[in-house]
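The numbers here are math on the coordinates, done by the rules we state, and not lab data. These figures come from a predicted structure and were not determined experimentally. Note: ideal-geometry Cβ built from the backbone for every residue, glycine included; neighbour counts use all protein chains shown.
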Amino acid sequence: MSSHTIPFNRVSCAGNEFRYIADAIQRGHISGDGFYTKQCHTFLEQQLGVPKALLTTSCTHALEMSALLLDIQPGDEVIIPAFTFVSTVNAFVLRGAQPVFIDIRPDTLNLDERLLASKITPRTRAIVPVHYAGVGCEMDVIMEIAAQHGLAVVEDNAHGLLGKYQGRYLGTFGALATQSFHETKNFSCGEGGALLINDPAYMERAEILREKGTNRSRFFRGQVDKYTWVDLGSSYLPSDMLAAFLYAQLEAHESIQQKRARIWQHYDTQLQSWADEMKVQQPTVPAHCEQAYHMYYLLLPSLAARQSLIAHLKERSILSVFHYLPLHLSEMGQKLGGQPGDCPVTEDISDRLLRLPFYTELTEDEQAQVVAAVQAWEWL
């Protein structure tokens, strides 16, 4: 029995967060695009090698900007995995798009690229792969199919910052990619996100959309003598105080990732024999992928087994949680044409997946308690 509750997630500081927030205040610019926002932009651009990175108030807003940049129109089709967060689909439905739900692979739980060609129609405009748990989708195949059909690719990389596919950073394949800095992510500022722009053709308009549809960024660079309303847009800029918190996390990325890698690997090795005995599937990370160490999940034999283990851990003051419900079976998903049986792997996985406590400052003692509690679970 644990002496205190072990949460699923706990926010942690890397060291300089409060100092940088105080500095942002002293600089006298705490609204968007201040000193620390620019520091974050530079980090992302240099670390990932992307032409342009723009912080946003959330990954949701970065996805909405993507739909605007692609000029998604009512009736356009966008291919989206049924196993993802609702923001992935909402961003495009808000523009009038028809989501085309695609099933996932049973190993990595990523979009099943083998089904992709069958989902494309003359109305398809974009493909949105989601790098689940920070393990890369099969981007070579996805990009090849997209190129054959002239389709845009938007990577939802909310889980995958600093993960790699074939030695290349996730988020650098599609014309656009989105990041999340929500409190549950490896690097956080509570609520936040970023749009990564890999196709320079979108750079100028992205700045305009992010600045409420004005050319304010060009004005600040001295390219125009006044700024005005020139396009659609909204207020997507986070406060520079949030950027200050985030920059402290980004500059500590190596130590954060090292800690998370140790936690992930400890779960994986300590639970291997138990998982084999209990017929529980552990995460699959292909050899050509370098994961981001975002989460550790288990696939139980059945829904009843999953619920039993959640209850068992809760009795021992350990919070474990399930994850996405199939989007195509949701109330809204069915209004948009989703039907039971459309994505059988998603429907099966969603019932059986359980996520264990996973956060950067999870202590060895806490993790030992979680492992012991899991191993003590009995299932008839």
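The figures follow:
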{"item": "Under 15 Å from the Cα of K314 - aspartates and glutamates, other chains or at least 8 residues apart", "result": "E366, E378"}
{"item": "Estimated distance in nm for a label pair at D365 and L336, the labels positioned 7 Å out from Cα along Cα-to-Cβ", "result": "4.7"}
{"item": "Three principal axis lengths of region 74-232 [C-alpha, angstrom, descending]", "result": "55, 38, 27"}
{"item": "Counting DSSP beta bridges with both ends in the chain, the antiparallel % (nearest 5)", "result": "60"}
{"item": "Estimated distance in nm for a label pair at L319 and N90, the labels positioned 7 Å out from Cα along Cα-to-Cβ", "result": "2.1"}
{"item": "Computed [θ] at 222 nm, deg cm²/dmol, the chain (DSSP H ≥ 4; -39,500 (n - 2.57); rounded to nearest 500)", "result": "-11500 deg cm²/dmol"}
{"item": "Over region 17-250, relative contact order from alpha-carbon pairs under 8 Å, at least 6 apart, %", "result": "26"}
{"item": "Segments 192-199, 43-50 sorted - mean Cβ within 10 Å per residue, highest first", "result": "192-199, 43-50"}
{"item": "Shape call, region 232-276: gyration tensor on alpha carbons, a/c limit 1.5", "result": "oblate"}
{"item": "Tally of Lys pairs whose C-alpha atoms are under 26 Å apart, taken over region 17-250, 8 or more apart or cross-chain", "result": "11"}
{"item": "Proxy reagent accessibility, fewest Cβ within 10 Å first, across R105, R10", "result": "R10, R105"}
{"item": "Trypsin sites (Lys or Arg not before Pro) within region 170-244: DSSP coil, no more than 11 neighbouring Cβ in 10 Å", "result": "R221, K226"}
{"item": "Taking the convex hull of Cα positions in region 253-376, its mean projected area over all directions (nm²)", "result": "9.4"}
{"item": "Relative contact order (percent, whole number), region 253-376, Cα cutoff 8 Å, 6+ residue spacing", "result": "32"}
{"item": "Contact order normalised by residue count of region 277-343, Cα under 8 Å, 6+ apart, percent", "result": "19"}
{"item": "The chain: angle of helix 59-69 to the longest principal axis, Cα-based, in degrees nearest 10", "result": "40"}
{"item": "Centre separation in Å (Cα based) which lies between region 28-54 and region 115-147", "result": "28"}
{"item": "Cβ-defined net charge surrounding S302, 12 Å radius [Lys, Arg +1; Asp, Glu -1]", "result": "+1"}
{"item": "Degrees separating the helix 240-250 axis from the principal Cα axis of the chain, which is the longest one", "result": "50"}
{"item": "Inter-part distance where region 254-288 and region 180-250 are each reduced to a Cα centre, Å", "result": "36"}
